[in-house]
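Shown next, in structure tokens, is the structure this report addresses.
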Amino acid sequence: MPKSLFEKVWDAHTVRTLANGQTQLLIGTHLIHEVTSPQAFGMLRDLKLKVAMPHRTFATVDHIIPTDQLVEPYRDPLAQAMMDELRKSCREFGITFFDRATGKQGIVHIVGPEQGITQPGTTIACGDSHTSTHGAFGAIAFGIGTTQIRDVLATQTMALGKLKVRRINVTGRLRPGVYAKDVILHIIRVLGVNGGTGFAYEYGGEVFDRMTMEERMTVCNMSIEGGARAGYVNPDDTTCAYLKGRPYSPTGAAWDAAVARWKSFASDPGCRFDDVVNIAAADIAPTVTWGINPGQGISITESIPDPAKATEVDEKASIEEALAYMKLKPGAPIKGTKIDVAFIGSCTNGRLSDFQEVARYVKGRKVAAGVKAIAVPGSQIVALQCEKLGLDKILAEAGFEWRAAGCSMCLAMNPDKLIGDQLCASSSNRNFKGRQGSPTGRTLLMSPLMVAAAAVTGSVADAREVFAVSQSN
Amino acid sequence: MALAKITSVTGRGVCVPGNDIDTDRIIPARFMKCVTFDGLGQYLFHDVRNDPATGKPTGHPLDDPRFKGATVLLSGANFGCGSSREHAPQAIQKYGFKAVIAENFAEIFFGNCVTLGMPCATASRADIAKIAAAIERDPATEIVLDVDRQEIRFGGQTVPAEVRAAARDALINGRWDAIGELLDGMEAMKTTAAKLPYLAV
């Protein structure tokens, strides 16, 4: 019987069925970071257990790392304590740690792929909900809590119920100025922030066939924002080309065997999906969020929703709550909304191609007066790649602060934070209340180029107009 | 590793209304700079309980003296969406809650709660409203979340509740923390691993 990639990977990693009906699933790759693992190591020590597969466990530091301070000790003693704790645990249990000194440090979801650790047909877990990113390679990747991190550390397995699979086809071609970020914001807008609960999303169709790996990662990254615990794209030549020559990729004869094996995991023609959704690429426009969850998005040409026009009680209440927090006017165009901060970075959009695209258009332009603009590479390697191409200089000349690698302003665990009710045009993944560090701070999610357009004009703008974008992606 | 068999949870309730209450709201990220979960309870819902400008209490249900000591948390749809941070259920549990009842839950949050032995039950909006009204009338109302029978009893009324099958089984049979069972499967794990070339040392 034809099977989906999800089923094939699930079956290959099934250890056994547990008493409550869940599956004991083998986790081939365990990625850890400083925020959610210290407590798990503590539990491990309490139970006098060892790490089952230290060679399949990889650590990096990202959430708490200051992007403007390279020398330790960090100004924040709590951040330093978390850093020290991770170093200690990695030493004690023999885990590879991509610390800053290695030159390979970065956001965990950028490091895995760039090292070639993330591979098709594998299972990956990490104590971070954006672990779905790794699905771009045709891996099944889950965000997990700390107790499950303990489980994976101790047994290289976890208890999990099987997910259903929803195939999402995006057909046709994206219009110029429309990016992977717009695709996923559109999907979440259409299916809702909890529409994916109980599902893994399989993304496919011409748009995904044509996407680069970095674009696929942007989409898979935000699967969880649509409620789907995992999201993936079937492996193809693009996937293999990306992985060739990476530090953890197989070489020689093993490479050929791996490629054949990887491709065999792709969903079989005619396999059954629990649900299928079709989206026309032509319907997707540059998208901006106006509310307090990632599903509250509109195209740049639309107006902010008016609760008075809501057809359901729930919808009315959620629009009212969002607008009260966002201090935005119902019915007003989103275009022209004044911004205070522009942030380009994060595990969603902190890769080389994101900075290349922005640099290509902001070259010779200036960030508007009064706007604080920061560009934060997702890893030390991304930083180096950008610097070799002189992108850091182009961005700096335009008025962006070029920072060191980390999660930065995506979340409030390092010094990069909004102040008061600042409004931020952000290439990150969450616009929850207080997400960017100030309890009243406001986040508008959008693609990196839309952030750049907002930065240079000082307000939410249509990047296609600001930069005269005409070439098709 | 003998775990408690959680067949039901009994206690007073408090309702925190709203849909899509995310993990950043449950525990703002800045309070996650810690290497243990101890002490997280005090930061539960911090930024909605305190006015960011003045630092003064906002009159959040959790701070309403009538609901002090509540152990059953009630809320709306898509509760716990967002991050995988276990800090969120840990903060809820350490604050003193023993169960959460909502219209539905975000996936990762749900699993994290069960692993901590804190049942998450879904009930219809109308039934949650009935419970909330009963608590409002009399905050001393005792709520019984019967995990085994999948029902909620309060003030002489009974409404249906759902606890997903695998979670229900794990809770009522005292195997909500999977570690013991997972360790029992180590030999089987090695057999599975041996068939996967990428796991070779």
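The values are calculated or read from the model by the stated rules, or taken from the named source; none is laboratory data. All figures in this text were calculated on a predicted structure; none of them were measured in a lab. Cβ atoms come from the backbone with ideal geometry, glycine included; neighbour counts cover every protein chain shown.
Things to note:
- Residue B:108 being touching a helix residue (DSSP H, G or I) at 6+ places or on another chain (Cβ under 9 Å), within 13 Å of chain A (Cβ to nearest Cβ) and either hydrophobic (A, V, I, L, M, F, W, C) or free of Cβ contacts under 8 Å to residues at least 24 places away in the same chain (or both): yes
- Residue A:470 being surrounded by fewer than 24 Cβ atoms within 10 Å (Cβ to Cβ), modelled with pLDDT under 95 and part of a loop (DSSP other than H, G, I, E, B): yes
- Residues of region B:178-196 satisfying the condition of being under 15 Å from residue A:29 (Cα atoms) and facing chain A (nearest Cβ under 7 Å): B:189, B:192, B:193, B:196
- In summary, residue B:201 fulfils each of the numbered conditions (1) surrounded by 15 or more Cβ atoms within 10 Å (Cβ to Cβ); (2) assigned to a loop (DSSP other than H, G, I, E, B); (3) free of Cβ contacts under 8 Å to residues at least 40 places away in the same chain; (4) not small (Gly, Ala, Ser) with the single exception of condition (1).
Residues checked against (1) touching a strand residue (DSSP E or B) at 6+ places or on another chain (Cβ under 9 Å); (2) under 17 Å from residue A:339 (Cβ atoms); (3) within 14 Å of another protein chain (Cβ to nearest Cβ); (4) crowded, with 21+ Cβ neighbours inside 10 Å:
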site	(1), (2), (3), (4)
A:369	no, yes, no, no
A:383	yes, no, no, yes
A:391	yes, no, no, yes
A:401	yes, yes, no, no
A:407	no, no, yes, yes
A:412	no, no, yes, yes
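- Residue within region A:420-435 that is basic (Lys, Arg), more than 14 Å from residue A:344 (Cα to Cα), within 12 Å of another protein chain (Cβ to nearest Cβ) and in contact with an Asp or Glu (Cβ under 8 Å, 6 or more places away or on another chain) present: yes
- Residue A:12 vs. criteria within 10 Å of chain B (Cβ to nearest Cβ) and on the phi < 0 side of the Ramachandran plot: yes
- Test: residue in region A:237-249 that is assigned to a helix (DSSP H, G or I), in contact with a helix residue (DSSP H, G or I) (Cβ under 9 Å, 6 or more places away or on another chain), surrounded by 13 or more Cβ atoms within 10 Å (Cβ to Cβ) and among the charged types (D, E, K, R): no
- Single residue of region B:29-41 satisfying the filter (within 11 Å of another protein chain (Cβ to nearest Cβ) and under 26 Å from residue B:122 (Cβ atoms)) that is surrounded by the fewest Cβ atoms within 10 Å (Cβ to Cβ): B:37
- Looking only at region B:154-177, and only at residues there that are more than 10 Å from chain A (Cβ to nearest Cβ) and surrounded by fewer than 18 Cβ atoms within 10 Å (Cβ to Cβ), the one that is farthest from residue B:141 (Cα to Cα): B:174
- Test: residue in region B:5-25 that is within 13 Å of chain A (Cβ to nearest Cβ), buried (at least 17 other Cβ atoms within 10 Å of the Cβ), in a helix (DSSP H, G or I) and touching a helix residue (DSSP H, G or I) at 6+ places or on another chain (Cβ under 7 Å): yes
- For residue A:29, the requirement of being within 14 Å of chain B (Cβ to nearest Cβ), buried (at least 20 other Cβ atoms within 10 Å of the Cβ) and modelled with pLDDT of 95 or more is met.
- Candidate set from region A:73-129 (those that are of a type in the set (Ser, Thr, Tyr) and in a strand (DSSP E or B)); member that is nearest to the other protein chains (Cβ to nearest Cβ): A:123
- Considering only residues in region A:308-324 that are crowded, with 17+ Cβ neighbours inside 10 Å and of a type outside the set (Asp, Glu), the one that is farthest from the other protein chains (Cβ to nearest Cβ) turns out to be A:323.
- Output for region B:120-162, where each listed residue is of a type in the set (Gly, Ala, Ser) and either farther than 24 Å from residue B:81 by Cα or in contact with a Lys or Arg (Cβ under 6 Å, 6 or more places away or on another chain) (or both): B:133, B:134, B:140, B:155, B:156
- Candidate set from region B:73-95 (those that are under 11 Å from the mean Cα position of the chain (by Cα) and outside any helix (DSSP H, G or I)); member that is nearest to the other protein chains (Cβ to nearest Cβ): B:86
- Residues in region A:54-72 that are away from chain B (no Cβ under 14 Å) and hydroxyl-bearing (Ser, Thr, Tyr): A:60, A:67.
- Selection within region B:110-152 - surrounded by fewer than 17 Cβ atoms within 10 Å (Cβ to Cβ), hydrophobic (A, V, I, L, M, F, W, C) and either in a helix (DSSP H, G or I) or in contact with a Gly (Cβ under 6 Å, 6 or more places away or on another chain) (or both): B:126, B:129, B:133
- Filtering A:170, A:207, A:165 for residues that are more than 14 Å from every other protein chain (Cβ to nearest Cβ), within 30 Å of residue B:89 (Cβ to Cβ) and more than 17 Å from the chain's Cα centre (by Cα) leaves a single hit, A:165.
- Qualifying residue in region A:160-174 (condition: surrounded by fewer than 21 Cβ atoms within 10 Å (Cβ to Cβ), out of contact with any Leu (no Cβ under 7 Å at 6 or more places or on another chain), among the hydroxyl-bearing types (Ser, Thr, Tyr) and not in a strand (DSSP E or B)): no
- Qualifying positions in region B:163-185 - of a type in the set (A, V, I, L, M, F, W, C), touching a strand residue (DSSP E or B) at 6+ places or on another chain (Cβ under 8 Å) and assigned to a loop (DSSP other than H, G, I, E, B): B:163, B:178
- Residue in region B:42-59 that is facing another protein chain (nearest Cβ under 10 Å), in a helix (DSSP H, G or I), within 29 Å of residue B:179 (Cβ to Cβ) and without any contact (Cβ under 8 Å) to a residue 60 or more places away in the chain present: no
- For residue A:434, the criteria (1) surrounded by 24 or more Cβ atoms within 10 Å (Cβ to Cβ); (2) part of a loop (DSSP other than H, G, I, E, B); (3) in contact (Cβ under 8 Å) with a residue 24 or more places away in the chain hold in every case but one, which is (3).
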